[in-house]
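Engineer: Structure below; questions to follow.
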Amino acid sequence: MKERAEAKIKFRKHAPLMKKWIWVLFWLIIIQTVSDIFEQDFVANWMPLVNQISEYLTIVCSFLYAFVLLKLSPVSEGYRIAGVCFLITDVLNIIKLLAESSNGLKIVLSLVNIILLLVALYNEYMAHAFAVHGIDDYLASDWEALWKWYIAIEAAVFVSIIIISLRVLPLIIVLTLIIVLLATCGLSVYKMILLYRTADLFVNYKPKQ
């Protein structure tokens, strides 16, 4: 009972801030997901201009996303850590775009980006879970589970890179790329759903007296 009471106090305290900014995250993740699709290598071969525009749009959206997470930092320290990590990855992505001739630098920056992205997403998902914990425990569990799904997708991406490097049958390579792309899109859609549920919770939920 004490935990539930503390959760309601936390909810009332942070509801105005969450109501304002979670919806912004929701729309930004939609734009980012569409940009990520057009940023893939196969799009670069067909529509190079669209691919290049998508790269810059993704960075802009990511900067805005990081800014919103920093605005939510009073709710949880995880939002602040995630926001800072996203900002650093955005700066590194800009350096990667400018350093087109340096493959070695690109590899190093990509590795650093992967580590920062893992830290950022973990802290973001756990912060969302903390924000709704005690109000909607099922939603909190879904946010925590999303992190595990993300790790599984990243493992699948790593396996696909190995398969492609082995130069096995072209059909297997194509199927692997399709599966990974669908899984990545599916994870983004699931994140959209969770953001929508979180925003809706803070907008419509009325704690019982």
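The values are calculated or read from the model by the stated rules, or taken from the named source; none is laboratory data. Being a predicted model, the structure only gives us computed values, none of them experimental. Heads up, the Cβs are rebuilt from the backbone with ideal geometry, glycines too, and the neighbour counts pull from every protein chain shown. Ligands, DNA and RNA are stripped out before the accessible areas are found, and what is left, the full protein with its side chains, is counted by its heavy atoms. Shrake-Rupley method; radii C 1.70, N 1.55, O 1.52, S 1.80 Å.
Engineer: Would you check if Ser73 is under 22 Å from Tyr122 (Cα atoms) and either modelled with pLDDT under 75 or not in a helix (DSSP H, G or I) (or both)?
Structural biologist: Working: under 22 Å from Tyr122 (Cα atoms): yes; either modelled with pLDDT under 75 or not in a helix (DSSP H, G or I) (or both): yes.
For Ser73, the condition - under 22 Å from Tyr122 (Cα atoms) and either modelled with pLDDT under 75 or not in a helix (DSSP H, G or I) (or both) - is met.
Engineer: Within segment 21-35, which residues are under 11 Å from Ser62 (Cα atoms), aliphatic (A, V, I, L, M) and open to solvent by less than 40 Å² (accessible area, probe 1.4 Å)?
Structural biologist: Passing the criteria: Leu25, Leu28, Ile29.
Engineer: Something else about it: Can you say whether Ala140 is in a helix (DSSP H, G or I), in contact with a helix residue (DSSP H, G or I) (Cβ under 6 Å, 6 or more places away or on another chain) and of a type in the set (A, V, I, L, M), as far as the supplied structure shows?
Structural biologist: Details: in a helix (DSSP H, G or I): yes; in contact with a helix residue (DSSP H, G or I) (Cβ under 6 Å, 6 or more places away or on another chain): yes; of a type in the set (A, V, I, L, M): yes.
Yes; evaluated as a whole, the condition is true for this residue.
Engineer: Any residue at all in segment 96-110 that's under 29 Å from Lys19 (Cα atoms) and assigned to a helix (DSSP H, G or I)? Even if it seems obvious, please write down each step before you answer.
Structural biologist: In the first step, residues of segment 96-110 are kept if they are under 29 Å from Lys19 (Cα atoms); the result is none.
No, because not a single residue in segment 96-110 is under 29 Å from Lys19 (Cα atoms) and assigned to a helix (DSSP H, G or I).
Engineer: Return yes or no: is Ile161 modelled with pLDDT under 75 and more than 16 Å from the chain's Cα centre (by Cα)? Working first, answer last.
Structural biologist: Details: modelled with pLDDT under 75: yes; more than 16 Å from the chain's Cα centre (by Cα): yes.
Criteria met by Ile161.
Engineer: With respect to Ala127, determine if the residue is touching a Ser or Thr at 6+ places or on another chain (Cβ under 8 Å) and open to solvent by less than 50 Å² (accessible area, probe 1.4 Å). Steps first, answer last, please.
Structural biologist: Working: touching a Ser or Thr at 6+ places or on another chain (Cβ under 8 Å): yes; open to solvent by less than 50 Å² (accessible area, probe 1.4 Å): yes.
For Ala127, the condition - touching a Ser or Thr at 6+ places or on another chain (Cβ under 8 Å) and open to solvent by less than 50 Å² (accessible area, probe 1.4 Å) - is met.
Engineer: Would you check which residues across segment 92-107 are open to solvent by 50 Å² or more (accessible area, probe 1.4 Å) and either among the polar types (S, T, N, Q) or at pLDDT 90 or above (or both) and list them?
Structural biologist: If the condition is that a residue be open to solvent by 50 Å² or more (accessible area, probe 1.4 Å) and either among the polar types (S, T, N, Q) or at pLDDT 90 or above (or both), then Ser101, Asn103 are the ones that fit.
Engineer: With respect to Ile59, is the statement that it is over 14 Å from Ala120 (Cβ atoms), modelled with pLDDT of 80 or more and open to solvent by less than 70 Å² (accessible area, probe 1.4 Å) true? Explain how you work it out, then say what you get.
Structural biologist: Numbers: over 14 Å from Ala120 (Cβ atoms): yes; modelled with pLDDT of 80 or more: yes; open to solvent by less than 70 Å² (accessible area, probe 1.4 Å): yes.
Taking the combined requirement at face value, the residue satisfies it.
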